[in-house]
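Below you'll find the structure, written out as structure tokens, and then a few comments.
The values are calculated or read from the model by the stated rules, or taken from the named source; none is laboratory data. Since this is a predicted model, take the numbers as computed values, not measurements. Glycine gets a Cβ as well: all are built from the backbone with ideal geometry, and neighbour counts include every protein chain shown.
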Amino acid sequence: MLVMGILNLTPDSFADGGRHNSYEAGVAHGLEMIAEGVDIIDVGGESTRPGADRISVDEELSRVLPVIRKLAETGIPISIDTMRAQIAREAVIAGASIINDVSGGLADPDMFHTVADLQVPYILMHWRGQSKEMNSKAIYEDVVADVIAELKPQIDKALAAGVPKEKLIIDPGLGFAKDSDHNWSILNNLEVFKSLGFPVLIGASRKRFLGGATPDERENATIELTKKLAPQGIWGVRVHSVKPHVDAIAGK
Ligand code: PMM
């Protein structure tokens with residue numbers, strides 16, 4: 001199971017919110033993750049937390065491109081966490097080699113054609129709407145069946161646009177238009193997601209549904225979850241801390 005380390009380049013991730021510092025701090029954090037054994041670094045410039053505002057394309061580009069260029073020099077695979085086709089394209093030109101789209105192709109009508117053109121792996125996540133509105137969309141008849149039923153047409157559209165089958169990775173999108181019970185139902189039924197025939201990525205790291213009053217408690221719960229996922233044939237976990245997850249997968 002691969003460890004995808006999160007590198008959020010949003011101003012609230014850094015003490016002073018300044019651009020120069022976020023470049024320096026972002027690169028430093030990326031190098032630290034590499035030293036700890038990360039498999040993929042997931043670089044994102046736009047917050048997708050519930051309630052978050054959108055930022056401009058220029059702002060997103062200026063946050064992510066310099067850091068991608070620098071970290072790509074190390075040879076470690078970099079994914080770009082974006083729902084915008086233009087950002088995906090420029091990030092790949094800058095050195096990213098995977099596109100991680102939390103909207104699963106729903107936010108930008110150009111995304112699937114861009115991915116097909118770039119011929120890079122594409123993480124297609126289940127999504128129901130932008131951060132501002134997603135909590136009100138956490139309504140399901142049967143969350144596992146409904147999420148699968150909504151992932152399938154997006155998969156079909158990606159394939160029809162020319163994204164090669166072997167380049168698709170799916171993600172049930174924990175916390176995106178899902179409450180705590182929904183997230184746990186998904187985690188308890190991962191074989192249904194695996195049966196679609198694509199690698200499965202899980203992003204549970206420090207999310208609220210894990211419980212715990214403090215970030216430390218949520219981090220510990222994330223590590224426990226990684227231990228449970230490792231023997232289940234899951235392709236990768238998207239996590240904030242790298243070393244504890246590398247160790248958990250190695251059975252340490
Ligand atoms: N979660 C967040 C951002 N990007 N990408 C994928 N593929 N899967 C996720 O679950 C996911 C993601 C939000 O979490 P963060 O704010 O802690 O980065």
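Summary table below
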item	result
Test: residue 130 is over 20 Å from residue 54 (Cα atoms) and in contact (Cβ under 8 Å) with a residue 12 or more places away in the chain	no
The stretch 133-144: number of residues that are farther than 12 Å from residue 173 by Cα and either free of Cβ contacts under 8 Å to residues at least 24 places away in the same chain or out of contact with any helix residue (DSSP H, G or I) (no Cβ under 9 Å at 6 or more places or on another chain) (or both)	7
Test: residue in the stretch 9-21 that is within 24 Å of residue 176 (Cβ to Cβ) and under 16 Å from the mean Cα position of the chain (by Cα)	yes
Any hit, the stretch 191-206, residues being touching a helix residue (DSSP H, G or I) at 6+ places or on another chain (Cβ under 6 Å) and on the phi > 0 side of the Ramachandran plot	yes
Residues of the stretch 89-105 satisfying the condition of being acidic (Asp, Glu) and surrounded by fewer than 24 Cβ atoms within 10 Å (Cβ to Cβ)	90
Helices (runs of 4 or more DSSP H) enclosed by the stretch 1-102 - at least 3 residues per element that are without any contact (Cβ under 8 Å) to a residue 24 or more places away in the chain	19-35
Residue in the stretch 13-25 that is modelled with pLDDT of 95 or more and surrounded by 15 or more Cβ atoms within 10 Å (Cβ to Cβ) present	no
The lone exception for residue 246 - which of (1) under 27 Å from residue 50 (Cβ atoms); (2) touching a Gly at 6+ places or on another chain (Cβ under 8 Å) it fails	(1)
Members of the stretch 32-62 found to be more than 15 Å from the ligand (Cβ to nearest atom), closer than 17 Å to residue 100 by Cα and surrounded by fewer than 17 Cβ atoms within 10 Å (Cβ to Cβ), listed by number	57
Residues being without any contact (Cβ under 8 Å) to a residue 24 or more places away in the chain, among the hydrophobic types (A, V, I, L, M, F, W, C) and more than 12 Å from the ligand (Cβ to nearest atom) - total across the stretch 192-224	2
Residue list for the stretch 113-142, restricted to those being assigned to a helix (DSSP H, G or I) and away from the ligand (no atom under 15 Å from the Cβ)	113, 114, 116, 117, 118, 133, 136, 137
Looking only at the stretch 115-132, and only at residues there that are modelled with pLDDT of 95 or more and over 16 Å from residue 172 (Cα atoms), the one that is farthest from the chain's Cα centre (by Cα)	117
Residue among 193, 198 that is among the aromatic types (Phe, Trp, Tyr) and out of contact with any Pro (no Cβ under 9 Å at 6 or more places or on another chain)	198
Search result, residues across the stretch 147-191 that are within 13 Å of the ligand (Cβ to nearest atom), of a type in the set (D, E, K, R) and assigned to a loop (DSSP other than H, G, I, E, B)	178
Boolean, residue 142 is out of contact with any strand residue (DSSP E or B) (no Cβ under 8 Å at 6 or more places or on another chain), closer than 27 Å to residue 118 by Cβ and modelled with pLDDT of 95 or more	no
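Table: residues versus (1) buried (at least 17 other Cβ atoms within 10 Å of the Cβ); (2) closer than 30 Å to residue 117 by Cα; (3) out of contact with any Phe, Trp or Tyr (no Cβ under 7 Å at 6 or more places or on another chain).
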| residue | (1), (2), (3) |
| --- | --- |
| 176 | yes, yes, no |
| 180 | no, no, no |
| 205 | yes, no, yes |
| 208 | no, no, yes |
